[in-house]
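Right, one structure below, let's go through it.
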Amino acid sequence: METGMIARELNLKVMSGADKNNNATGGYTGDLLSDVMANAREGDIWITRQVHQNIVAVATLKDLAAIVLVNSCEPARDTLEKAMKENVVIMVSSQPAFELSGRIFNLLNSSK
Amino acid sequence: MRKASSAVWKKLKPEVNASENILVKNSFDVDGGNFDTAGTVSTRIKSILKEQGLPSDVVRRSAIVSYEAEINVVSYAKRGVINLTVTPAAVEIAVNDEGPGIPDIEKAMQQGYSTASQQIREMGFGAGMGLYNIKSYSDRFDISSEVDKGTFLKMIILIQKP
């Protein structure tokens, strides 16, 4: 499912990469960067509350479809600048990680 | 007193053969303590490997391994150098840092063991997974360290499986 569609369905605020519309094939939730590096798969949507700029490098290195920040956490300014430069999709949700993960899981499953 | 220790994990035998055709040879500096640029070298390495048209599994594993090694240099060392060598058979990533070294490598290799500061942990690093991930995602991994001097890592990711 395209990240733009997920943003519309779940009322996510798109902060960067609005024109990208990557295809999301799965998801991964976590705040430990090494855990995400080891276990997320290419095309995953990454649900986290880390807002610092190192999340952009992880998303680029793992070819993640998008980063979704939970609990209305806004990306730090240098995070956003880096994401725009590297064309990484960052979106913000008002929901906590548990709820958002469930919704994204259902959405991706229903589109299969 | 300085203590030197080293360990080698051999899951597969082959070494990068020096007489072999070297496709890429690059060296990158890493600044210790600079989290603003952390991951830049690994991102560069990944795009070089992609340009070489290597299999996606090799690119993916090399990116994980170099990222973890780069983050370790940023988190603990004063400075470091990452050397990338690509031959038709393998990707070799060697990392040399000037830093505190690792007194007990066996312990540092354990998943979950970490000496990271609170500040590093708050950013989502220092979970004690770095060396463990490096070992799991490389085909050969050598590590040696001297306390108060630095740490040397060499990781090999095979392109052609024997």
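Dipole magnitude of the protein assembly as shown about its Cα centre, charges +1 at Lys/Arg Cβ and -1 at Asp/Glu Cβ only, in debye to the nearest 20?
Roughly 420 debye for the protein assembly as shown.
Counting alpha carbon pairs within less than 8 Å and at least 6 residues apart, what relative contact order, in whole percent, applies to chain B?
32 percent
Give the average, rounded to an integer, of partner chain Cβ atoms located within 10 angstrom of each Cβ in B:28-36.
The shielding value for this peptide is 1.
Could you order peptides A:24-34, B:31-41 by the average number of other Cβ atoms within 10 Å of their residues, highest first?
Ranking, from highest mean packing down: A:24-34, B:31-41.
From the convex hull of the Cα coordinates of chain B, what is the mean projected area in square nanometres?
That works out to 9.2 nm², a quarter of the Cα hull's surface.
Helix B:40-51 versus the longest principal axis of chain B: what angle, 0 to 90°, nearest 10, using Cα atoms?
Result, in degrees: 10.
Let's see if you can work this out: charge +1 on each Lys and Arg Cβ, -1 on each Asp and Glu Cβ, no other charges. What is the dipole magnitude of the range A:3-110 about its Cα centre, in debye to the nearest 20?
140 debye
Using only Cα atoms, locate the centre of the range B:23-72 and the centre of the range B:114-162, then give the distance between them in Å, rounded to an integer.
The range B:23-72 and the range B:114-162 have Cα centres separated by 13 Å.
Can you classify the range B:94-155 as rounded, prolate or oblate using the Cα gyration tensor, where a ≥ b ≥ c are the square roots of its eigenvalues, rounded means a/c under 1.5, and otherwise it's prolate if a/b beats b/c and oblate if not?
Cα axes put the range B:94-155 in the oblate bin.
So who's got an amide H within less than 5 Å of the one on B:ARG140, skipping anything under 5 residues away but keeping other chains? H placed 1.01 Å off N, in plane.
The list, which skips near neighbours in sequence, is B:ILE156.
Run the quick spin-label model on A:ASN106 and A:ALA76: label points 7 Å from Cα toward the beta carbon, then report their separation in nm to one decimal.
Computed distance between label sites A:ASN106 and A:ALA76 equals 3.5 nm.
What does the net charge come to around B:TYR113 if you take all other residues with beta carbon closer than 10 Å to its beta carbon, with K and R at +1 and D and E at -1?
-1
For the residue pair A:ASN87 and B:ASN21, what label-to-label distance in nm results when each label sits 7 Å from Cα along the Cα-to-beta-carbon direction?
With each label placed 7 Å out from Cα toward Cβ, I get 3.0 nm.
In a GNM of chain A with a 10 Å cut-off on Cα contacts, which of A:GLU42, A:GLU74, A:GLU99 has the highest mean-square fluctuation?
A:GLU99
For peptide A:27-34, what's the mean number of Cβ atoms from other chains within 10 Å of each residue's Cβ?
Partner-chain Cβ atoms within 10 Å, mean over residues of A:27-34: 5.
Quick one: putting +1 on the C-beta of Lys and Arg, -1 on the C-beta of Asp and Glu, what dipole do you get for the range B:4-158 around its Cα centre, in Debye to the nearest 20?
About 380 debye.
Where does the protein assembly as shown land on Rg/Rh, using Cα atoms and the Kirkwood Rh?
Expressed as Rg/Rh, it is 0.99.
Pairs on different chains or at least eight residues apart, Cα atoms closer than 19 Å: how many lysine pairs in chain A fit?
Lysine pairs, 8 or more places apart or on different chains, close enough: 7.
Determine the shielding of peptide A:51-63 by partner chains: average, over its residues, the number of Cβ atoms on other chains within 10 angstrom of each Cβ.
Average per residue, whole number: 6.
Could you let me know the centre-to-centre spacing of the range A:66-89 and the range A:1-59, using Cα atoms, in angstrom?
The range A:66-89 and the range A:1-59 have Cα centres spaced 9 Å from each other.
Residues of the range B:136-152 with amide nitrogen under 20 Å from the 7 Å Cα-to-Cβ point of B:ASP29?
Answer for the range B:136-152: B:150-152.
Each reported figure results from applying straightforward, stated rules to the coordinates on display, with no laboratory input. Note that this is a predicted model, so its numbers are computed, not measured. With ideal geometry, Cβ positions are generated from the backbone for all residues, glycine too; neighbour counts draw on all protein chains shown.
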